[in-house]
Structure formats: C-alpha cells, structure tokens
1. Specify the angular offset, from 0 to 90 degrees and rounded to the nearest 10, of the alpha carbon long axis of helix 358-372 from the longest principal axis of the alpha carbons in the chain.
2. Each residue of segment 152-168 in turn: what ³J(HN,Hα) in whole Hz from Karplus with 6.51, -1.76, 1.60 and θ = phi - 60°, glycine and Pro shown as x?
3. Over 29 Å between Cα atoms: which of Lys117/Lys726; Lys183/Lys322; Lys107/Lys765; Lys46/Lys233; Lys21/Lys276 fall into that group?
4. Give Lys151/Lys353; Lys516/Lys560; Lys560/Lys645; Lys361/Lys529; Lys409/Lys628 a once-over and call out the pairs whose C-alpha atoms are over 26 Å from each other.
5. Which far-off residues, 5 or more places away or on another chain, put their amide H under 5 Å from the one on Met115, with H placed in the peptide plane?
6. Peptides 123-129, 23-29: what's the order by average Cβ count within 10 Å, highest mean first?
7. Report, to the nearest 10°, how far helix 92-101 tilts away from the longest principal axis of the Cα atoms in the chain, using its own Cα long axis and a range of 0 to 90°.
8. Need one word for segment 58-247: rounded, prolate or oblate. Basis is the Cα gyration tensor (sqrt eigenvalues a ≥ b ≥ c); a/c below 1.5 gives rounded, then a/b vs b/c decides.
Amino acid sequence: MPALTSVSGFPRIGQNRELKKIIEAYWKGAASLDEVRGTAKELRAKHWKLQAQAGVDLIPSNDFSYYDQMLDTAILLNVIPQRYKRLAFTNPEETLFAMGRGYQGDKGDVTALPMKKWFTTNYHYIVPEIEENTEIRLNGTKPFDEFNEAKARGILTKPVLIGPYTFLKLARNAQAEELTYDKGLVNAVAAVYAEVIKRFAALGAQWLQLDEPYLVLDKEDGDVSLFKSLYAKILPAREDKIKVLLNTYFGHIADVYETVNLLGFDGIGLDLNEGKDENLAAVEKYGVAENTTLFAGVVNGRNIWRNNYAVSLGLIDALRQKTDNVAVSTASSLLHVPFSTEGETALDPAVLKHFAFAVEKLTELKEIAVLADSDEDAKKASADLAANQALFDGTRVAADPAVAERIAKLTDADFVRQPARAERQKEQRVALGLPLLPTTTIGSFPQTKEIRAERAKLRKGEITKAEYDEFMKAQIDACIRHQEQIGLDVLVHGEFERNDMVEYFGQNLNGFLFTKNAWVQSYGTRCVKPPIVWGDVSRANPITVEWSAYAQSRTNHVMKGMLTGPVTILNWSWPREDITHEQQTQQLALAIRDEVLDLEAAGIKVIQIDEAALREKLPLRKTDWHAKYLDWAIPAFRLVHSAVKPTTQIHTHMCYSEFNDIIRDIDAMDADVISFEASRGDLVVLDAIHDAHFETEAGPGVYDIHSPRIPGGQEIEDRIYEILKKMDIEKVWINPDCGLKTRGNAETWPSLEHMVAAAKAVRAKITK
C-alpha cells in the first residue's frame, strides 16, 4: 500500500482562466451572479475529479476562492468592518468584492481593505481589519457547503482553512496596527475554529487542514504562548472523530517544532524544499509523537521544474528513521504554479519534459508515494524513476562563456555610483527644472482591447510590423497629449507595446523561454504569466530605446524611460535551479545596465528601473536577510545604474509589501527617487521613511489603482498633507501607487486629473 498522498491546495482560476473571465464579466454587468456561481461550481468539480483520477488520497476543499482565502477567512469569522456592512448588499459575494476591490455606487463609496504579499510569493492577500466592536463568530457556510458539494460527487475531501494563529498575526486593527492579543479575542477566535472542527466531524470529514505558514517566521515575545493558547482550546473539539493537520510551508519550524509535537496534532506538514535542513534536524532532535503523521512536503508548490525523485525519496527515508507515519505531500498549495503543461505546444517536447505544473505535480506525488514504498529491486526496475533521473544528468543547458567572462571582470567600482546622492540631486534639480511636488505616473497606461488585439494581429501575422508601429505611435502620441493636457510634470510613453513588465524584457534577452497559457493568480482576478529562465542571460538587442526616444521626440516635457530591474525579473520569472539566484540576478543586472546606458545616450534624462518585487523574496527569517539575499540583491541594482551621468535621474518602484523593516537597505539601492505602493497601507511606510532619515526622494502612492473607484481631489490633497507631515517637501513626488495597465481609461484620467489638481493646490498654498 503506497504512502498516503495529500495536496495542500489547488489553483482555482481554471485551466483557461475561466473564473477570472466570468467574475470580470460580472463586474462589467455582462454576466449574472448565478453565472459566476455556476462557473465556480464547474471548476471545483473539475479540479476535485482531476485529483481523484491522479490517485490523491487527501484532496483539498475550501481552497477555492472568488478573490482571496484570507478574505474568505475574515468573512467566515465575521471580521467585516462596519463600512462594508452598511452597504447592505443582498448577496455575500458583493460584500466580499467590496472588501477586496472597493465600491463606488448608489450604495456608498468605500475603499478596499489593504493588500499585501503572501509571504515570499507574488500572490497578494487582503489584510483583515478587526475593529474594537467586531463580534467574532461563525458567519456563513462556505467551507461546509463545498465539502458537501464534493461529497455529493463521491469525493471525501480534506477541508482547508487559514489557521487561527496566521490569521491573527496577519490581521490588523482599524489603524492598520498589529493587534493586541487579549484573552477575549483569542478565546473568540479559538471558539469559532472549535465549532468548525465539530461541524466537519458531524459531516463525516476525516481530516481538516489548518494552514499556519506564519509559524515559519521568527518568533516574537508572546508568539508561542499565543499559538499554544489557541490550539489548547481548539484541539479538544476533535473528540477522536476527526484528524487535524497543522500545515506549514515556505520555511522551517525548527524553533517551535517541539511545542507543535507536544500538542498532539494528528498531522504536521513540513516544507522539505524551503527550510528542509532545519526541519529535518528538528525531527531528528525531538522525534515524532506516536499518533502523529508527518506530511513530507517534497513536491514543490512554487516551481515548475520536475521533481528530482531521488532527492524526495531520500527526504522521506530520513523522516522514516523517526516514524513510520509519513505521508507524501505538496510543500504548499499549488495555487502558486500554472494549471497544466497541456497545450504548451510551442515548447519542444525535449524542453517540456523538464516542467511540471499543478496537474503534472499530482502525478509526481503519486509516483513518489509508490516508489517510497518499493524495495530496492523495484526502484532499480522502475521506468518512472529511470526517466526522472535522466532529466538531472547535467546536460540540459550549456553555459555561455561570454556571460561568464563579463561577470569575472566586474570590480567593486562597478557597484558604486559617483558622485554621492545629495550632490547628484542638486544637479538634477537644475538639469530637470521640475516644480516642488512633481507629478508623474508609475509607467503603464490602460491596455485597451484594441491595443491587445493589435498585438495579437502582429503575433498572428495579420498585420505588418510597420502597420503595428504606426498604431503604437498613435497610441503614444495620444497618451502624451493627454498627459500634457492634464498637467503632469514627468511623462511616460504608456508601455502600450508591452505585454507584461517581465515577459516583454525576457523576449529580448537570451536565455528565456515563454509559455502560452501558464497563468498564475497574483491578486483577485489578476493573473501573471512568468517567463522561464532556461540558460545564461544576456541582452540580445536594445529593448526600449526606440520607443522611449520616439516618445521624447514628441514632447518638450521630461520623458521617463521605463525598465524592469534584475531582481524583479528573476523574482517574477521561473528561475533556474541548477545555479544560484545570485548568479542569475547578476547576469540580468548586466543586461539591464546595457539598456540603461543606451537610454541615456538616446537623451532620456529620467530612467525608472522597477524593483517591484525586491521585498517579495526577502527570507522570512531575519537572520537570513542579508547573507542569503540583500547582500547580493541590493548591489545588483546598483550595478544596473552605477555608470550613468550625475544629471540622469534614476527612479525605482516597489509593490505592496512591508517596507519598514528594510527601509535602510532600500535607501542603499542608491536610486535618486523611489515610488511605493502605499495607499492601501494607510501610508505606514512614512514613519519608516521619517525614522530612517531616508535620503532617496520618494513618492508614496496617493491613491489605489487596484480599485476601480475614482478618488476625489480633496481626498488626495489630504493624503499629500499627511505625507508632508513626515517628509521634506523637496523630497516628495506625487504619483498613483502603481502602474495603470489594468485599469480603464474611464477611471484613469479623472483620477489623474484629481491628483494633479491636488498637487497644484498644495503647491500653491505652501509656496505663498
């Protein structure tokens, strides 16, 4: 009998992004809520069936969401701020969408809840807000309904919920501050989870999975006691009728494993990709409780490369030295990988065989489980094992000697820009002649259906390159005229020619591969399609120079050149696993450095090098921050821009994250200006900027572009004054909080008009 197999979670967006399409159609009034529900039901049924057919024993339910699993958990616990309740929607889905993306209509005007990166992934979660008067109680029946839905189809699932500890650690109060974990709050949350356990036991569930990824972070005072006090109240609710799996991922739990082991969970999920050595050492030191099953997270839920079966079998064997109760599991939810390699016909079969997306990982899971319980003779005779090991013989890709030579020649001077920033900023003020509180955007403008259609026509050969270029020039011209008309100070060309801020660059770099349909959910209905780093990276040809130079020729305003930085390109790609992330980033840095210097030579005086994802891959343990990441990521950014003239102004941009704790490292990137996604975080980054004596000029986003609502001028003006309380006016830029690609023109231009008017109003009052 093969070992028990378990999947932590499955992608919910659908093989062809069906969920995204129907929800967005509903938002536009082109589909009904019943149609959304119908599509959702079909997808759940399909995904359960796929997993059952693959032979997965413990198939998850309640891993499905219309928007975000943290948001679902908040609603389940009745953590719904009053401003959303007052909208008084008839359907719970409408309340959910209002919390996730804001609402502006006949029922009222509310902004969305804050949004942050889910640990070290590019997935974003909605931050729960617990008000003083919030009544924590079980609200709604979603997890139970979906369990019963699967049961009616003959599939007994393993319900999945965000665990109470992670929920409380990620939730914030109404002032966007960390919670105070008083006894009443802890008891109320624990009581809801105890009720959930009892309900599932009554429905016939055999296992319940509680995800506690926050356990892999460093522990602060009170963390362990909070965790223990929650589960001491929750676990007795099992009454021997149901098993509870404590699932951890994205790192190790060595510092709390002993506590977890003593609490008597029926299952403990350990990530054996990230934090494997520490997790194995903890098991070796403290052993495994008699009735506990270890869920060996050997199938990586965050990469697309085939699993190395020999390595996974070794890890399972190591755990079996301590216990016979070992299940084979995904290391995390498969939410973070594309759906299936099926349909990727553009990739050569010799290349495609190296990849496993969510569906293929189900097969890997089963094959590993069978092999884990095979004797040595059976393993030697296994065609599955032999085919798998052939993928790892070292012949997949050949090194590029020119890339290696260039990296070998780098010196310390290549990572330092001269003169010092304060001196450069003085020169730039004179050279650029910008007013106080200069206004700009982050780079991209709305990509309409027409723009996407034109790009598709070019791809299919239906129009010539010359016809495409003329269309793009017309789009750029119109965008520039509109920016000039509303009074923006630093313009952008709109990036209409770009499909994606990473893929577009990858297509012009050696060493990248691309997929047709390998979409991954980023937030809500927003999906991304990361390219694949296949081999050594170098620039094939100039990437942005022609379009940026054209745009600058069409205006007397300063035109900002737009690039994606090396760390972000890597973090938003599928990186290689045969060389380090540091090595890949350095290769990328040299490629983008070439582009920066070419832009400067073409007369572009302001160049933005987006590092939207810098914070994303920061190790979860503080002790690893510098040695394992920042010590090479920050210098890589400096390598990109260190050779430009003092008067060339270098900008960067960062997306939703906790910036406060690395604010000095961000300053050390030595950019001249940085824009932050800050509007959804109630501008908490300002305190960090103030306290760190931040030298970089900064534009904390003054309104949220991830919501369709249009901010009023007074709202933005008030926000600017909030910024000026914490920042020197000479260092403040006014901008939205992110690129405008995913928005429509109907909300983009009025929002920008209000932003410019607000900046001018504040400028006028302050300079009187």
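1. Roughly 40 degrees between the two axes.
2. Running phi through 6.51 cos²θ - 1.76 cosθ + 1.60 with θ = phi - 60° gives 5, 9, x, 10, 8, 8, 9, x, 10, 9, 4, x, x, 5, 4, 4, 5 Hz.
3. In this structure, Lys183/Lys322; Lys107/Lys765; Lys46/Lys233; Lys21/Lys276 lie more than 29 Å apart at Cα.
4. Working: Lys151/Lys353 35 Å; Lys516/Lys560 31 Å; Lys560/Lys645 16 Å; Lys361/Lys529 18 Å; Lys409/Lys628 23 Å.
The pairs that break the limit, which is 26 Å between Cα atoms, are Lys151/Lys353; Lys516/Lys560.
5. Val127
6. Values: 123-129: 22.7, 23-29: 15.1.
Result, highest mean Cβ count within 10 Å first: 123-129, 23-29.
7. Roughly 40 degrees between the two axes.
8. oblate
Laboratory data are not the source of any read-out in this text; all were calculated from the coordinates shown. Small disclaimer: the values here were computed from a predicted structure and weren't measured. Here the Cβ is made from the backbone with ideal geometry for all residues, glycine too, and neighbour counts use every protein chain on show.
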